[in-house]
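Taking it in order: structure first as structure tokens, then the write-up.
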Amino acid sequence: MSCLPCNLIMAEPMKRLPSSKAMLAFVTTAQCLNITRAAESLNLTQGAISRQLSSFEQDLGVKLFNREARGLSLTSAGRQLLPEISQALQRIQQAVDHLAINHRRIRLKAPSCITYWLMPKLADFHGRHPTLEVELTSTTTHDVNFLTEQFDAAICYGHRSNSQGADRHWLLEEVLTPMCSPEIAQTLDNNDLLHSFTEHTWLHANQEQADWRLWLNGTGHESIQAERNQIFATLDMATSAAARGFGIVIGDINLAVHELESGRLITPSPTQITTDNGYYLQIPQDNHTPAAETLLKDLLR
């Protein structure tokens, strides 16, 4: 086995790191080369800065500054150390800032059709928790995969039985009924509503025309069909079209509450059906942030 030459000295790592205050004092002083200005910048006394610098040099075992009559200058060791310490302190500050921002921010995913129900609740949430902010991503999908999607919480659609679990919390039930504009409602025959419905375009939120089928099956009139149909990409688009007089939609009374309360939409039929489907808030099971937990409690109020 070969041995190292006896004149080769291996440097030993420091047993402890210098304090962050000492490193900050070094960087600040090195940047301005003036203890008085460094003390003012850090809101410390000149004596405190001098003690921090001396302690830092003693810990390192090297001289970092030349102290001369005309002022300070960096030694070669100081010039070598300055960019490394500056970058390290900057990375620490960025990490702390990032953590603080994420602690206050809730990245929420929600289907676009739930927007009118959700927005007033988020406004109330902000009023009660002004230090927390919700970053809302609206989407046409109704589920979430936290392994591939960077969200703190998501509102999903599905059967009530699928919403049960430690990470899933039921928000509202789907309640379906026909909706149309006041102008179309005036043309309907209340004595024969179903036949009147077929005289207008039926608006659908999907190719399967599932909402109309669900409502007709629930009323025992599954054989009735419309002469004209119009397909939209989402329920909110179909509901908005109905409010503009394009036809009749099977809407969710909870999601269309804004249009119903404003009178932009009318529910001509008294028949409402529940589907055991609805919306629930889902939070990553192994990563419940305090902010997301606060939002959950607020939505369940």
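The values are calculated or read from the model by the stated rules, or taken from the named source; none is laboratory data. Predicted model, so just to flag it, every value in this text is computed and none were measured. We work out accessible area using only protein heavy atoms, side chains counted, and drop any ligands, DNA or RNA first. Shrake-Rupley method; radii C 1.70, N 1.55, O 1.52, S 1.80 Å.
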DSSP-defined beta bridges in the chain - what % are antiparallel, rounded to 5: 60 percent
Protein-only accessible surface order, largest first, of Thr187, Thr239 at 1.4 Å: Thr187, Thr239
Sequence of Phe26, Phe146 from largest to smallest accessible area, 1.4 Å probe: Phe146, Phe26
Area of Trp170 that stays accessible when all protein chains are in place (1.4 Å probe, Å², to 10): 50 Å²
Fraction of accessible area attributable to carbon and sulfur, the chain (%, probe 1.4 Å): 50 percent
Inverse of mean 1/r across different Cα pairs in region 164-301, Kirkwood, Å: 16.3 Å
Relative contact order (percent, whole number), region 24-161, Cα cutoff 8 Å, 6+ residue spacing: 19 percent
Residue-level accessible surface for Arg79, protein heavy atoms, 1.4 Å, Å²: 140 Å²
Accessible area expressed per residue, region 122-216, with surrounding protein chains retained (probe 1.4 Å, Å²): 52 Å²
Kyte-Doolittle at least -1.0, axis length at least 24 Å by Cα - qualifying DSSP helices, the chain: 76-104
Percent breakdown of C-alpha pair distances by 10 Å bin, ordered from the shortest bin, for region 28-92: 21, 55, 24, 1
